[in-house]
Amino acid sequence: MIEIRALHNQEEFIEAVRLQQTIWGFEEIELLPVRLFVTATKVGGQAFGAFDNGRMIGFCLAIPGIKAKDKPYLHSHMLGVLKDYRDAGVGRMLKLEQRREALSRGIQLMEWTFDPLEIKNAYFNMERLGAIVRRFVLNQYGTTSSKLHAGLPTDRCIAEWWLDSDRVNRVLAGEQPERPEVVARISVPSDIYTIKDTDPARAREIQKRVSDQFLENFSKGLAVTGFERTPESGTYLLSTWDSK
């Protein structure tokens, strides 16, 4: 039985830092420090852990932000789950706890960044949570020491999760949301993980092509509103998006 609960003390924050090293293989300089966990929980952020028989096997950290016109939101800066638990629904449990707590304070929006080449994450964000994407940032974090990033620039999609929208409520209830007409598609080969390991030059070519397509389509006012998976590829579905 996996338990999700808020992190409160130094020992739990230290364990979350250790998990960063295990999950991503970051060098020490790139780790989110204990002080950030402490500060985030003091100023309106969130820190939750996932525990299996008392052992922390995943965590997430969000920090508060303010949009134009003083609208507060949460930026979910990091969520990680140990490899052995990644197909057990732990990430979704952590996101749902973030949503529950945010809505209890009247917060309507949560955002986070994700690598567009990580098609498993993309499917999770769009189809399991109901997020949309309208913004893209080139090399947001610079080149990192994580083997998962394979030395590539950290190009990132920005997910918007409108926590109490009809779209999100329907997706979380297991229902099909209304699908806007698809006007553009951006595909990533399903074997991108192998390509990143074995052919970095080709991985960079794919990354640049994908990034260019995102920037072009977002400049036209389109948004990612869905994601399809086949044995050959994962495909972002882009539509006109007028809401919010």
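Ranking Leu82, Thr22, Leu96 by how far each Cα lies toward the positive end of the dipole of the chain (charges on Cβ) leaves Leu96 at the top. Annotation: amide H of Asp155 within the under-5 Å range of Asn139, Gln140, sequence separation 5 or more or interchain, hydrogens built in the peptide plane.
For the peptides 166-175, 63-72, 215-224, residues were scored by their other Cβ atoms within 10 Å and the scores averaged per peptide; the highest-first order is 215-224, 166-175, 63-72.
Simple point charges give the picture: +1 on the Cβ of Lys and Arg, -1 on the Cβ of Asp and Glu, and for the range 62-157 a dipole about the Cα centre of about 260 debye. Of all the options Tyr73, Tyr193, Tyr141, the one that moves most in a Gaussian network model of the chain with Cα springs shorter than 10 angstrom is Tyr141. Each helix, a run of at least 4 DSSP H residues, gives -39500 (n - 2.57); summed and divided by the residues of the chain, these come to -9500 deg cm²/dmol at 222 nm.
Using a Förster distance of 25 angstrom, determine the FRET efficiency expected from the C-beta separation of Leu138 and Asp52, and round it to 0.05. Using R0 = 25 Å, I get an efficiency of 0.10.
Across the range 153-166, coupling constants 3J(HN,Hα) worked out from phi with the 6.51/-1.76/1.60 Karplus curve, θ = phi - 60°, read x, 8, 5, 9, 7, 10, 7, 10, 10, 7, 4, 10, 6, 4 Hz, and Gly and Pro carry x.
Calculated from the structure at hand, semi-axes √(5λ) of the Cα gyration tensor in Å is found among (i) 92, 16, 11; (ii) 25, 22, 18; (iii) 27, 23, 17 as (iii).
Here's how it looks for Leu109: its modeled amide H is under 5 Å from those of Leu74, Leu163, which are all 5 or more places away or on a different chain. Between Glu11 and Glu232, the distance separating the two model label sites (each 7 Å from Cα on the Cα→Cβ line) works out to 5.4 nm.
To one decimal place, what orientation-averaged projected area in nm² is obtained for the convex hull of the Cα set of the range 108-244?
8.2
Among 51-59, 177-185, sorting by the average number of other beta carbon atoms lying within 10 angstrom of each residue, highest first, gives 51-59, 177-185. A straight chain from Thr22 to Glu175 at 0.36 nm per residue would run longer than the Cα-Cα distance by 51.5 nm.
Only the coordinates and a few stated rules stand behind these numbers; no lab work does. Only a predicted model underlies this, so the values are computations on that prediction, with no experimental measurement involved. Note that each Cβ is placed from the backbone with ideal geometry, even for glycine, and that neighbours are counted across all protein chains shown.
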